[in-house]
């Protein structure tokens with residue numbers, strides 16, 4: 001059979017880094033890891049092609065070639081999914097679909113011929129067997145959790161890695177916490193399921209043999225969910241491999257704030273090559289943390305936790321939310337102050353939304369406060385329920401936060417605060433200096449340093465870094481470019 005795997009377009013948001021990617025001549029931040037993994041589950045003798053719509057358009061020629069089109073998507077890609085499905089139908093192409101969007105909203109896609117829901121390790125093999133026998137059903141689903149030790153290495157040969165800023169792998173699924181607004185436990189459960197060290201090293205080797213020499217994103221929703229295994233098995237193996245290969249990669253992942261409680265773990269992660277970690281801070285308001293059951297963030301000095309992680313060599317990127325029932329009128333000022341004091345340059349602030357299936361969605365449904373389905377993008381100024389705070393007050397306060405924290409003066413002040421306290425692992429800092437994209441620097445001098453509104457702040461940051469923290473010069477340029485991206489998103493979406 002001829003299988004065409006199609007990955008939908010990601011909209012222009014804070015997360016897309018669309019405007020930053022242009023500086024390094026890349027077309028997308030990350031490859032479609034799910035589809036590449038599914039491709040590895042297909043019979044070897046089947047022909048396979050992948051079209052990432054973020055890289056190039058889907059053509060009628062592509063669809064004419066295929067016997068079956070596979071689509072995988074997240075909620076935020078819903079509009080692009082609709083366009084792809086319509087194009088497939090016009091071409092008479094049969095569609096099989098899976099991934100988070102279809103698992104949570106399968107009832108919205110009557111046009112899809114086959115829905116392979118939940119985890120592919122469980123539901124994909126019976127679909128394949130039925131497909132071979134010519135009796136494939138419309139829906140395949142399961143309440144079982146997959147053993148990720150059976151997950152194959154992604155089929156990297158289907159993409160051109162030069163189009164992407166970062167590669168990605170997965171070590172674990174599941175999260176031990178139970179935040180009210182989050183759908184991760186709904187999709188992947190509470191108990192962390194992990195790969196072993198041999199799988200992780202094999203996946204790193206596959207990227208290395210393919211010529212990759214840059215960032216790798218461990219896409220786990222909570223990388224540190226099983227601390228013991230990380231400390232005794234995974235990280236020591238990664239450290240040994242990275243030292244043997246002379247540090248070809250840097251790593252980024254997602255974790256909970258209790259990472260700051262474990263100095264041994266932070267030291268191992270930094271030594272292994274982790275230089276960034278995304279953490280869900282959500283809010284400094286204790287009542288709102290209680291409301292959303294974010295117990296791991298309560299009763300602690302969150303600013304001190306962030307700074308401690310950064311002193312151990314990992315830049316903290318963080319998510320923040322406004323719109324909780326217990327948010328006071330002062331929450332907007334409090335969020336701005338917290339973000340500035342913490343030195344979190346990449347602060348992703350969003351409006352609370354109730355995702356289908358979450359405990360928040362269930363509660364608001366019982367309270368008759370739901371208005372519509374969430375868009376999957378909590379930064380597009382949409383909110384799908386009736387908030388306790390007046391809607392206009394909430395929206396204006398949210399916009400105020402974004403304008404304040406991404407104004408050139410506040411943003412660059414935050415970057416300098418971070419760089420002043422950041423203590424990267426030495427070998428990794430040398431790696432960054434050795435592989436810096438000179439083209440990105442020269443583009444930044446023109447776009448930010450000559451034409452940009454922030455040119456005074458840009459040059460001030462670069463000269464400060466050269467004299468105070470010269471080893472961090474590449475990072476300072478990167479963060480300046482990130483700031484440009486965030487401001488462009490604001491201009492394009494909220495300042496029209």
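None of the figures in this text is laboratory data; all of them are computed from the coordinates on show. Only a predicted model underlies this, so the values are computations on that prediction, with no experimental measurement involved. Reconstructed Cβ throughout: ideal geometry from the backbone, glycine too, with neighbour counts over all protein chains shown.
Tabulated values for the structure
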| read-out | value |
| --- | --- |
| Likely footprinting exposure, 84, 257, fewest C-beta neighbours within 10 Å first | 257, 84 |
| Relative contact order for the chain, counting Cα pairs under 8 Å that sit 6 or more residues apart, in percent | 13 |
| Cubic angstrom per residue, convex hull over Cα atoms of the stretch 187-305 | 116 |
| Radius, Kirkwood style, for the stretch 166-416 when every pair of distinct Cα atoms is counted (Å) | 19.3 |
| For the stretch 53-135, radius of gyration divided by Kirkwood radius, i.e. Rg to Rh on alpha-carbons | 0.95 |
| The stretch 1-139: radius of gyration over Cα atoms, expressed as a fraction of 2.2 N^0.38 Å | 1.04 |
| Full-stretch length increase - residue 300, residue 60 - with 0.36 nm per residue and alpha-carbon distance subtracted | 80.8 nm |
| Alpha carbon centroid spacing (whole Å) that separates the stretch 461-496 from the stretch 132-154 | 43 |
| Residues residue 131 and residue 325, FRET efficiency given R0 of 60 Å [Cβ-Cβ distance, rounded to 0.05] | 0.80 |
| Intensity falloff of the stretch 257-373 expressed as log10 I(q)/I(0), Debye formula with alpha-carbon point scatterers, at q = 0.16, 0.17, 0.20, 0.21 Å⁻¹ | -0.80, -0.87, -1.08, -1.15 |
| Value of [θ]222 nm, deg cm²/dmol, for the chain, DSSP H segments ≥ 4, -39500 (n - 2.57) each, nearest 500 | -12500 deg cm²/dmol |
| Distance from the stretch 52-127 to the stretch 238-269 (C-alpha centre basis), Å | 35 |
| Gyration tensor over alpha-carbon atoms, the stretch 33-83, equivalent ellipsoid semi-axes in Å | 20, 15, 9 |
| Size-normalised alpha-carbon gyration radius of the stretch 302-426, reference 2.2 N^0.38 Å | 1.20 |
| For the chain, share of DSSP beta bridges that run antiparallel, in % to the nearest 5 | 5 |
| Where labels lie 7 Å past Cα in the beta-carbon direction, separation of residue 368 and residue 493 in nm | 3.3 |
| For the stretch 350-391, the fraction of alpha-carbon pairs in successive 5 Å shells from zero, as % | 6, 27, 35, 24, 9, 0 |
| The stretch 345-362-the stretch 174-215 distance, computed between alpha-carbon centres (Å) | 22 |
| 191, 379 arranged by Cβ crowding within 10 Å, fewest neighbours leading | 191, 379 |
| Rh by Kirkwood over Cα pairs, then Stokes-Einstein D for the stretch 431-493 at 0.890 mPa s and 25 °C, µm²/s | 203 |
| Among beta bridges that DSSP assigns inside the stretch 166-416, antiparallel share in %, nearest 5 | 10 |
